[in-house]
Ligand code: FES
Ligand SMILES: [Fe+2]
């Protein structure tokens with residue numbers, strides 16, 4: 001990138017001073033640059049292995065702006081294929097998920113097998129006078145597909161580190177969600193998809209570290225509980241977020257905030273039987289299985305920042321043990337002004353059926369039923385504000401908790417010893433800037 005472009009981006013994403021320019025959320029050129037420099041280099045979440053059980057099982061995903069088909073192969077491996085026909089580029093599969101022996105392009109009928117190889121097409125031999133070398137015209141495969149404890153990611157960049165190195169310290173925290181019990185996790189129910197007005201980074205940075213918003217944005221939940229449960233007030237989140245916890249960030253741009261386990265042995269935010277019977281079932285389940293989690297992961301992670309929100313850079317998010325459910329999500333950018341928000345429920349495979357069913361009901365209350373709508377209103381409102389040329393000139397304040405972060409011997413990564421702060425958001429934009437201004441895969445210092 002030319003120096004003046006890099007300098008201009010550095011001025012806009014001034015993470016060191018906690019100042020981020022509104023323009024990065026609305027600029028078409030910056031968005032295009034993200035699709036090239038960011039999403040073609042990062043590891044991007046594609047699927048949970050549990051969603052692809054049999055040969056031919058597939059689902060549609062995205063890597064930034066590129067449409068991807070994720071397919072279980074005959075040898076049990078998983079392939080990710082660019083969902084763009086090699087003839088004129090039409091997507092060869094329009095379905096969200098399913099099982100297929102072949103993918104037939106709806107335009108002229110080129111037909112690819114589950115490995116993406118071009119196998120046939122109407123009159124292919126005669127129309128090309130036998131000159132088409134089908135072996136050269138298969139779907140483009142994503143060169144790198146790797147899994148971490150059930151989560152499948154893809155990467156286009158040969159220079160990128162392995163998925164495990166890319167996750168870095170974040171893997172330690174992800175284990176609290178993915179590896180509490182033998183057998184790992186599975187997805188419950190289908191995918192919940194909504195188109196959201198707003199720049200994708202608004203959602204990503206929020207899951208990396210913005211617990212602050214819950215006090216105000218999700219006050220409706222507290223109000224609803226207050227209506228039904230004596231002693232619960234609309235200020236519930238202010239109290240909840242006052243409980244002990246940590247914010248974590250890594251140099252790879254990942255971020256998370258999680259509560260420490262209460263002296264009762266229950267995660268602080270996992271749920272409460274006074275709110276709903278289902279939340280009580282789930283909270284009791286976590287309490288009952290904490291010793292097993294401690295055996296597997298150690299006491300720090302069984303008692304540590306186990307329940308909370310997090311982001312794997314750039315756009316894969318999770319809520320772990322929050323109000324009766326755990327979910328994973330991805331924010332698929334659709335231009336600078338909107339994104340698709342996909343969310344799935346995730347449970348321990350070994351959990352009893354009644355717990356899985358309770359979690360399934362809980363996730364439709366929170367986050368899907370309430371919180372995602374609350375958040376979407378804000379993100380859309382911001383994008384509308386930024387239609388104004390004066391508003392676009394603003395620099396936003398990301399300075400909360402500056403200087404509070406440091407090391408903590410109990411937890412890997414960079415730590416803010418509070419639940420609320422904007423330290424992971426600053427680190428998110430630090431990493432974003434490195435991708436956006438680097439000619440090659442940006443190594444971390
Ligand atoms: S675009 Fe796919 S067969 Fe022509
Ligand atoms: Fe929220």
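The values are calculated or read from the model by the stated rules, or taken from the named source; none is laboratory data. All values reported here derive from a predicted model rather than from experimental measurement. A quick note on method: Cβ atoms are made from the backbone with ideal geometry, for glycine too, and the neighbour counts reach across all protein chains shown.
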Practice problem: Restrict the check to region 138-147 and report whether at least one residue is more than 27 Å from residue 163 (Cα to Cα), away from ligand 2 (no atom under 16 Å from the Cβ) and buried (at least 16 other Cβ atoms within 10 Å of the Cβ). | Solution: no
Quiz prompt | Single match in 186, 205 (criterion: part of a helix (DSSP H, G or I), at pLDDT 95 or above and in the same structural domain as residue 330 (by TED's automatic domain parsing)) | solution = 205
Quiz item: Which of (1) free of Cβ contacts under 8 Å to residues at least 60 places away in the same chain; (2) under 30 Å from residue 381 (Cβ atoms) is the odd one out, the single condition residue 76 does not satisfy?
Solution: (2)
Quiz item: Hey, does region 123-142 have a residue that's more than 20 Å from residue 208 (Cβ to Cβ), part of a strand (DSSP E or B), touching a strand residue (DSSP E or B) at 6+ places or on another chain (Cβ under 7 Å) and free of Cβ contacts under 8 Å to residues at least 60 places away in the same chain?
Solution: no
Self-check item: Selection status of residue 380, part of a helix (DSSP H, G or I) and over 24 Å from residue 151 (Cβ atoms)
Solution: yes
Quiz item: Failed condition for residue 278, given (1) crowded, with 22+ Cβ neighbours inside 10 Å; (2) modelled with pLDDT of 90 or more; (3) in a loop (DSSP other than H, G, I, E, B), with all others met?
Solution: (3)
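Going residue by residue through region 307-322, is there one that turns out to be part of a loop (DSSP other than H, G, I, E, B) and at pLDDT below 90?
Within region 307-322, not a single residue is part of a loop (DSSP other than H, G, I, E, B) and at pLDDT below 90.
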Practice problem: Report yes if some residue within region 326-344 is crowded, with 24+ Cβ neighbours inside 10 Å, in contact with a helix residue (DSSP H, G or I) (Cβ under 9 Å, 6 or more places away or on another chain) and within 19 Å of residue 243 (Cβ to Cβ); otherwise report no. | Solution: yes
Quiz item: If you scan region 411-445, which residues turn out to be farther than 17 Å from residue 34 by Cα and surrounded by fewer than 19 Cβ atoms within 10 Å (Cβ to Cβ)?
Solution: 412, 417, 443, 444, 445
Self-check item: Of all residues making up region 72-129, the number that are within 13 Å of ligand 1 (Cβ to nearest atom), over 30 Å from residue 342 (Cα atoms) and loosely packed, with under 14 Cβ neighbours inside 10 Å
Solution: 4
Quiz prompt | Candidates 343, 430, 361, filtered to the one that is over 30 Å from residue 181 (Cα atoms) and either in contact with a strand residue (DSSP E or B) (Cβ under 9 Å, 6 or more places away or on another chain) or within 15 Å of ligand 2 (Cβ to nearest atom) (or both) | solution = 430
Quiz item: Going by the conditions given, is residue 20 outside the structural domain of residue 432 (by TED's automatic domain parsing), in contact with a strand residue (DSSP E or B) (Cβ under 9 Å, 6 or more places away or on another chain) and assigned to a strand (DSSP E or B)?
Solution: yes
